[in-house]
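Report on one structure; see the data block that follows.
Taken together, the values in this text are just the output of simple stated rules run on the coordinates, not laboratory data. The model shown is predicted, which means the values in this text are computed figures rather than measured ones. Glycine also receives a Cβ, built like all others from the backbone with ideal geometry; neighbour counts cover every protein chain displayed.
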Number of protein chains: 2
Amino acid sequence: MKIIRHVGADDLEDIATGGAVLGTGGGGDPYIGKLMAQEAIRRHGPVALVDVEEMPDDALIVPACMMGAPTVMTEKLPQGEELLTAFRQLERLLGRKIDAVLCCEAGGVNSTIPFVVAAATGLPLVDGDGMGRAFPELQMVTFTIHGVSATPMVLCDDKGNSLVLDTVSNAWTERLARAATIEMGGAALLTFYPMSGAVAKKAVVRGTLSLCDRIGRTLRETKAAHGDPVKALVRLLDAQILFHGRVQDIERRTEGGFARGRAVFGGVDEWKGRELRIDFQNEFLIAERDGEVLATTPDLISVIDADSGMPVTTDSLRYGQRLIAIAYPCDPMWLTPAGIDLVGPRYFRDDRDYQPIRRD
Amino acid sequence: MKIIRHVGADDLEDIATGGAVLGTGGGGDPYIGKLMAQEAIRRHGPVALVDVEEMPDDALIVPACMMGAPTVMTEKLPQGEELLTAFRQLERLLGRKIDAVLCCEAGGVNSTIPFVVAAATGLPLVDGDGMGRAFPELQMVTFTIHGVSATPMVLCDDKGNSLVLDTVSNAWTERLARAATIEMGGAALLTFYPMSGAVAKKAVVRGTLSLCDRIGRTLRETKAAHGDPVKALVRLLDAQILFHGRVQDIERRTEGGFARGRAVFGGVDEWKGRELRIDFQNEFLIAERDGEVLATTPDLISVIDADSGMPVTTDSLRYGQRLIAIAYPCDPMWLTPAGIDLVGPRYFRDDRDYQPIRRD
């Protein structure tokens, strides 16, 4: 199997940063996921990153991730062992060995958590994911578009409780896993969506981890060279700058395990006197400037700290922060009717339709 | 194996009535459970009732039951097939055949649901249960006192979803199963507490189904002979009559999947001018007459319709009904320190201690 590269503990810095950018405000705190993955790699050795095309059609590929509201996750550091236990339990259920690990989403935590399992098991990690970004619910993956069942799913907590789900739809998996996660204290580790190599080649968003790495490296190197990290990021992602502003108002509530709300930014510099509103549910969903919609889910909206060039999550938004909002296109799989049904604005109880990013 | 008796479809009438009496206000609507069991027996044949002493020490005995708030259950008739699927799934998990079915509680639904599985599988049903009455939470069984784990547990709904739980304690099983049950619409079927014949001989409350049958028959025959069914019941159960009265006030709320509340009765006949209050959580928990506690959980408090002699559940209490409240002693296993910890008044957030039934 041709290996793209071996990922060592130090490489996780860039990947976690890039994951937090693609996490579009959600996907968990990059610090926690990075620490867990680094510890696992230091203990077990580097992780082999492979292209999904390298996987045999009959290979068994399984995503691993953390579920929960980011606001809860930052208070509760998960242990890698539980995830490994869940992985082994899924192997027993399926009656065969797993051949490769996969990410389900890009995000601070879920771009790095799969490295923990890959390092501990010695399995390769597929360079891709099920979103190309982060989304709040677990049926919101390109795997669902391709008919992959989320179950059998193994979900476990830090206390030693585990549950195996078998459901009639991925939406039911989300409901039951969410209820269990809330009861378990707000965060749980899970393995799900077992799929063959043949299916993965169709259903996986390609190159996500390489892109995370490139984003993180671009930000780091540009800052080291005293350049403009946001400009470099915009170029790399073919992004549109939506706004420069300061956080004026944040309305935030934790509802049914989700961090829901809206952030309002007041313009600075050439945006002075103007206003940007972004609605979020864990992730930034819709950006509206002075009443005009500029970008909607499933396209990506990221918010970057104007000083540090680092991505900002919805739960770390603070009054007065000076931020730059950007938007860039999602994976084309999301723009199919099935994709828009799963993750378009109307799913999030917004009555607006998807519209492509408004370019100046 | 010596069989106590074969239970046919017609025998279910008395057992369901008796179960509703021992259900102490909870345990579900006797009508639903009876219908399901009768249909299963008509299709598959009678069920062999056996004493637990007849089971070999290495036999595998598994309880089956329904979980949910009675107020929800009456609107949602479960199918027997799901329970059978859950039973088969547990057998696969344990890697062996189940030898006998067991009730976890006495109650309108849970005294009769196990007949559905026993009839469909052709397995004997043990004449006993895990409470000798009904209780609202699933760790509240004599099995817990004897160190039996509630997991592996298989829980399923009427839509085809299922989950397998493995937990670190029976209290955690309750929390996670309750969350799933609520998400599934308020009612779920489950098999749990797999135990050996040797353990069952220590942990099972003996003769519960025979007692249910005797209670139902006594009420039916006394009424047919124009006798006093309540007097006959009091004699059979060595019960104390607490009150004759009418429902004056009912405070009822569904909280976290439970039907919680308090009923106040105004006295009639020799109790005129006096008042009885009964607190409940699915089941009647504490009876207090004119400020004096007469009976507390885990002793049994049943409320009987003065006209029909039939037991009344907490969710069928209606303003103006003329009722008789009685109390009678629980199985001695509940009066151990471990038993009182599990089901004594303080567990139900009442600050009073257990006290034996006040006899006139």
Square roots of five times the Cα gyration tensor eigenvalues for the protein assembly as shown, Å: 57, 29, 20
Cα gyration tensor category, rounded, prolate or oblate, for chain B with a/c compared to 1.5: prolate
Cross-link pairs beyond the 22 Å C-alpha cut-off, checked among B:LYS202/B:LYS231; A:LYS2/A:LYS231; A:LYS2/A:LYS223; B:LYS34/B:LYS223: B:LYS202/B:LYS231; A:LYS2/A:LYS231; A:LYS2/A:LYS223
Label point 7 Å beyond Cα along the C-beta direction, distances from A:ASP350 to other copies (nm, shortest first): 5.2
Extension gain (nm, one decimal) between B:LEU35 and B:ARG252, 0.36 nm per residue minus Cα-Cα: 75.4 nm
Chain B: relative contact order in percent, alpha carbon pairs under 8 Å with at least 6 residues between: 20
The range A:5-208 shape via C-alpha gyration tensor axes, a/c threshold 1.5: rounded
Other-copy label distances relative to B:ILE241, 7 angstrom Cα-Cβ extension, nm: 8.9
For A:145-152, mean number of other protein chain Cβ atoms within 10 Å: 1
Neighbouring partner chain Cβ atoms per residue of A:172-181, average, 10 Å criterion: 4
Contact order relative to length of the range A:5-208, as percent, for alpha carbon pairs under 8 angstrom and 6 or more apart: 31
Peptide-level mean, for B:157-165, of C-beta atoms on other protein chains within 10 Å: 6
Pseudo-label separations to other copies for A:GLY273 - Cα-to-Cβ vector, 7 Å, nm: 8.4
Dipole magnitude of the range A:225-348 about its Cα centre (Cβ charges: Lys, Arg +1; Asp, Glu -1), debye to nearest 20: 240
Residue-count net charge about A:THR17 - beta-carbon cut-off 10 Å; Lys, Arg +1, Asp, Glu -1: 0
Cα-only Debye scattering, the range B:227-348: base-10 log of I(q)/I(0) at q = 0.11, 0.13, 0.20 Å⁻¹: -0.36, -0.50, -1.16
Peptide ranges B:225-235, A:160-170 listed from the most packed, as the mean C-beta count within 10 angstrom indicates: A:160-170, B:225-235
